[in-house]
1. Can you tell me which residue is modelled with the highest pLDDT among those in segment 338-356 that are surrounded by fewer than 20 Cβ atoms within 10 Å (Cβ to Cβ) and within 17 Å of Ala270 (Cβ to Cβ)?
2. Being β-branched (Val, Ile, Thr) and open to solvent by 40 Å² or more (accessible area, probe 1.4 Å): is that true of Thr243 here?
3. Condition first: surrounded by fewer than 17 Cβ atoms within 10 Å (Cβ to Cβ), in a helix (DSSP H, G or I) and touching a residue at least 40 places away in the same chain (Cβ under 8 Å). Now tell me which residues in segment 247-266 satisfy that.
4. For residues that are open to solvent by 30 Å² or more (accessible area, probe 1.4 Å) and touching a helix residue (DSSP H, G or I) at 6+ places or on another chain (Cβ under 7 Å), scanning just segment 223-234, find the one that is farthest from Asp353 (Cα to Cα).
5. Could you look through segment 84-121, keep only residues that are among the small types (Gly, Ala, Ser) and within 17 Å of Thr63 (Cβ to Cβ), and pick out the one that is most open to solvent (accessible area, probe 1.4 Å)?
6. Scan (1) in contact with a Ser or Thr (Cβ under 9 Å, 6 or more places away or on another chain); (2) modelled with pLDDT of 90 or more; (3) more than 30 Å from Ala273 (Cβ to Cβ) for the single condition Met388 breaks and write down its number.
7. How many of the residues in segment 145-172 are open to solvent by 60 Å² or more (accessible area, probe 1.4 Å) and either of a type in the set (A, V, I, L, M, F, W, C) or in a loop (DSSP other than H, G, I, E, B) (or both)?
8. Out of segment 297-312, which residues are part of a helix (DSSP H, G or I) and either aromatic (Phe, Trp, Tyr) or surrounded by fewer than 18 Cβ atoms within 10 Å (Cβ to Cβ) (or both)?
Amino acid sequence: MSPAASESAERTAESAPAGVWRIVAQREIAVKLRDRGFLISTIVTIVAIVASLTISGIISGRTMNVAVAIVGSDTAQIVTTANSLAHSADKKIDFTTHEVTDAATLDQQVRDGTVDVGLLPADSGWQLIGKAAKNDDASTYLSAAVQQITLQHNAAAAGTSLEQLGHGSAVNYVLLDKATVDPGLAKLAAIVFALLFYLASVLFGIAIAQSVVEEKQNRIVEILASAIPLRQLLIGKVVGNTTMAFGQLALFVGAGLIGLVATGKGDQLAPIAGAAGWFIVFFVVSFLALASLWAVAGALATRSEDLQSTSTPLSMVIMIVLFAGIFLSGPARVIASYIPLVSVVAMPSRLADGTASWWEPIIALLLTAAATYGTVSIAEKLYRRSLMQTQGRLTIRQALRVED
């Protein structure tokens, strides 16, 4: 498009209403809602989230049975005691006995996989037999049962009791800061936050960039520019796609919370839901900046093939945020929780495991909002200056040199 035609289009567009961006945003939303692939993938993802958490809860809540082959009448008491110890520790383990006549039969049953382990008397005490890999549960609780029963017998022989022998040996473990969330669940939440951020940023971002470059490649943007100020066009695209990204993310998070309740971890719902709420807020504020940068990536390109080059820096930044959300810990994660964009996953992760104070996400969000404002301002200038340039792919430096 010639400079004179571009200038004429801009003059014509300046007379358009200031709120015309709403029409663009509504069009972006309508296009997404009519996209069967988008709708199907959203529904499938929601079902997968709920199903995976539910299945995980069923598996983790299932009682594991450990079959123990035993030789000798006294051995059954050890298995019974091991069951009591496991149940008192809230372990979902049941030890069942399989009495055999001799050690050879016991060895054969262990080799055949008929039982998980074998237990029989030995010269120096007792012998626990496994096939190839050590069964930690059997080793822990059967060994503890043997020690408890042996101490009881030795105490009785010495004319005392087990309670008297153990008097004064109890250790009470006191936690100064009690975690409100299971550490494993908090780590899982951090990984989920990072993955959701990555998926939403890439899927919606690429859609924005492709939409811009297609309009530019097909010369539709020249028609749009004659009726709509380019600033309004950018605002509409950013707001429309951010709204859809927010909606989809809220559905995914809601599905995850439903799955959490389905797994029987409803007591963890409040802190995880709070962290998830902050994650959505951080994501929306940050995605305003990301969406504008994806639009710039599309505007810098002239053909769809150029997108791989113009969007590479942005894709790398998103990958860095993904890995930071998954792998950062300790002081590094604390620092990252205040860095705009990285804070999208780092701060909610800290909130999930209870290591962030109430005021920290507020400070981090203000920093993110300030960074978003600056990013959008620069992106708007790059978008306006590069969108009407159809001679070839532009770099950011070249776009900045283009006259308004």
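The values are calculated or read from the model by the stated rules, or taken from the named source; none is laboratory data. Predicted model, so just to flag it, every value in this text is computed and none were measured. Reconstructed Cβ throughout: ideal geometry from the backbone, glycine too, with neighbour counts over all protein chains shown. With ligands, DNA and RNA removed, areas are computed over all heavy atoms of the protein, side chains included. Shrake-Rupley method; radii C 1.70, N 1.55, O 1.52, S 1.80 Å.
1. Looking only at segment 338-356, we keep the residues that are surrounded by fewer than 20 Cβ atoms within 10 Å (Cβ to Cβ), and these are 338-339, 354-355.
Checking the rest, the ones that are also within 17 Å of Ala270 (Cβ to Cβ) come to 354-355.
On the way: Gly354: 86, Thr355: 89.
Result: Thr355.
2. On the way: β-branched (Val, Ile, Thr): yes; open to solvent by 40 Å² or more (accessible area, probe 1.4 Å): yes.
Judged against the criteria, Thr243 is a match.
3. Within segment 247-266, Leu251, Ile258 qualify.
4. Going through segment 223-234, the residues open to solvent by 30 Å² or more (accessible area, probe 1.4 Å) turn out to be 223-224, 226-227, 231.
Pick out the ones that are also touching a helix residue (DSSP H, G or I) at 6+ places or on another chain (Cβ under 7 Å) and you get 224, 226-227, 231.
Numbers: Leu224: 48, Ser226: 52, Ala227: 51, Arg231: 41 Å.
Only one residue fits best here, namely Ser226.
5. Checking each candidate, the answer is Ser88.
6. (2)
7. The total comes to 12.
8. Going through segment 297-312, the residues part of a helix (DSSP H, G or I) turn out to be 297-300, 304-310, 312.
Result: Ser304, Glu305, Gln308, Ser309, Thr312.
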